[in-house]
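Just below is one structure, and these are the notes that go with it.
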Amino acid sequence: MKMKVVLLLMVGAVSAQAEFVPMFNGKDFTGWGAPGKTEKNGYVVEGEMIVTAPPCSNLVTDKDYEDYIMEFEFQLTPGANNGLGIHYSGSGDAAYKGMELQILDGDHEKYGGKLKDYQHHGSLYTLAPALRGHMKPIGEWNQQRVTVRGPRVSVEVNGVCILDANLDELNKTHPNHEGAKRRKGKICFAGHGDVIRLKNLRIAELSHGTDSEEALYQAPGKADETLAEKGFAPLFDGKSLEGWVHAAGDLNHWAPKDGWVLHYDGKSEAKDKNLWTEKEYKDFVLICDWRWAGEGPKMQRPIILPNGGVRIGGDGKPVMEEIAEFDSGVYLRGNPRTQINMWEWPVGSGEVYGVRTDGKVPLDVRAGVTPRVNADKPVGEWNRFVITMKGERVTVVLNGKTVLHEALLPGVKETGRLALQHHGSEMEFANLFVKEM
């Protein structure tokens, strides 16, 4: 039995969230390759990194990175051409042995207006074009944020999202691109012989976890008789609301069905329409199967970036996408703020909305509570959450995909009840089991 507990805790175990740390000390190229070699690629003046690398010479980090948010300021010289290599193998052409995000004065007359759409600033070279027209005039400093998380790569320049690419989709259209297949590697500035200036480089690595195909993490679409054998205690007996706080207004709305399903029609008449456990829990592993059982109205909802921010378009407004509106969730430790969301938003289920949308919370923490990947099954199919709560951190595995890993929940209560959320959507829950740690 102990081996099973260890397995549950170790799925996705890589590292906890880290804060932003400097990538450049303002004095020399520490962390960017061997002394002597790096000095050929640039120099440092008054806290600025001046990249002058000759053609086909890269300034490369010593370290490999996987999931992260990188921020820096850059200043272009007229006609400058450079690039930010990501997931780079460390040798060869960064645009193919990794992927190159263009750093470019593409409107300069030397290019004669003949650049391809994927050659302009912020584009993934040969793979995906970026939105144009949001850099400051040459000689002024620009702010750039690059988020690399799972299959998604986003680029924000001066507050506008100019690229939001999905590498899984790009692999379908560019199956022979070596770099697009990689999910880890070095970061580099890909020198093409022009001068660019950089400052205030910093990075926050994000805990990413690993996925699992083990049956424990998959919804079977029927009563799961294996969970009790693995040490889990049932929260729902399939026949009644015993063990749950409920009022008369809940009855006939939160209703057992078929001996193993808890059906909710979204229309509770109770004062508190959420269904709370009678018992409080501290550290635990929760199994929760769920599926949408009705229809949802068409709504416009924002596209969430992999760092937890909202994608802002060229008009300065959030970019929206039409979805079928379904909404529910699981409250952890008695607080709606620490809710694991279920919905059909583009970002997918599993996020902690109350933390992600709190502007007082640091960006890297908000990124940590944002799903790394959309792992939802189609509407009407069963999904399975495996939620591990330990101390102030939560890991969420959805259908075998680790969507959150050791995400920090600032201010989370030490103990509290669990709840299934009312949000008006018709849905079903099943195989509700918990193992306390």
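The values are calculated or read from the model by the stated rules, or taken from the named source; none is laboratory data. Computed from a predicted structure; not experimentally measured. Here the Cβ is made from the backbone with ideal geometry for all residues, glycine too, and neighbour counts use every protein chain on show.
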Of those in segment 92-145 that are of a type in the set (Ser, Thr, Tyr) and more than 24 Å from the chain's Cα centre (by Cα), the residue nearest to THR61 (Cα to Cα) is TYR96
Consider segment 386-414. How many of its residues are surrounded by fewer than 23 Cβ atoms within 10 Å (Cβ to Cβ), of a type in the set (A, V, I, L, M, F, W, C) and in contact with a Gly (Cβ under 8 Å, 6 or more places away or on another chain)? 1
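Kindly provide the set of residues from segment 312-344 that are among the aliphatic types (A, V, I, L, M) and without any contact (Cβ under 8 Å) to a residue 40 or more places away in the chain, ordered by number.
We begin by selecting, within segment 312-344, every residue among the aliphatic types (A, V, I, L, M); these are 312, 319-320, 323-324, 330, 332, 340, 342.
Listed by number, the residues that qualify are MET320, ILE323.
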Kindly list the number of the only condition in (1) surrounded by 22 or more Cβ atoms within 10 Å (Cβ to Cβ); (2) closer than 30 Å to THR30 by Cβ that fails for ILE162. (2)
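Would you point out which residue out of ALA233, ALA204 is in contact with a helix residue (DSSP H, G or I) (Cβ under 6 Å, 6 or more places away or on another chain) and either surrounded by 20 or more Cβ atoms within 10 Å (Cβ to Cβ) or modelled with pLDDT of 95 or more (or both)?
Values: ALA233 fails: in contact with a helix residue (DSSP H, G or I) (Cβ under 6 Å, 6 or more places away or on another chain).
Among ALA233, ALA204, only ALA204 is in contact with a helix residue (DSSP H, G or I) (Cβ under 6 Å, 6 or more places away or on another chain) and either surrounded by 20 or more Cβ atoms within 10 Å (Cβ to Cβ) or modelled with pLDDT of 95 or more (or both).
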Identify all residues within segment 269-279 that are of a type outside the set (Lys, Arg) and more than 15 Å from GLU428 (Cβ to Cβ); write none if there are none. GLU269, ALA270, ASP272, ASN274, TRP276, THR277, GLU278
Select the strands (runs of 3 or more DSSP E) contained entirely in segment 236-353, then report the ones holding at least 3 residues which are surrounded by 16 or more Cβ atoms within 10 Å (Cβ to Cβ). 261-264, 275-281, 284-292, 327-332, 335-343
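One line per residue, one yes/no per condition, for (1) assigned by TED's automatic domain parsing to the domain that holds HIS263; (2) not β-branched (Val, Ile, Thr); (3) not in a strand (DSSP E or B):
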site: ARG372; (1), (2), (3): yes, yes, yes
site: ALA375; (1), (2), (3): yes, yes, yes
site: PHE385; (1), (2), (3): yes, yes, no
site: THR395; (1), (2), (3): yes, no, no
site: GLY424; (1), (2), (3): yes, yes, yes
site: PHE429; (1), (2), (3): yes, yes, no
Filter segment 397-421 for residues that are part of a strand (DSSP E or B), more than 13 Å from the chain's Cα centre (by Cα) and basic (Lys, Arg) and give the result. ARG417
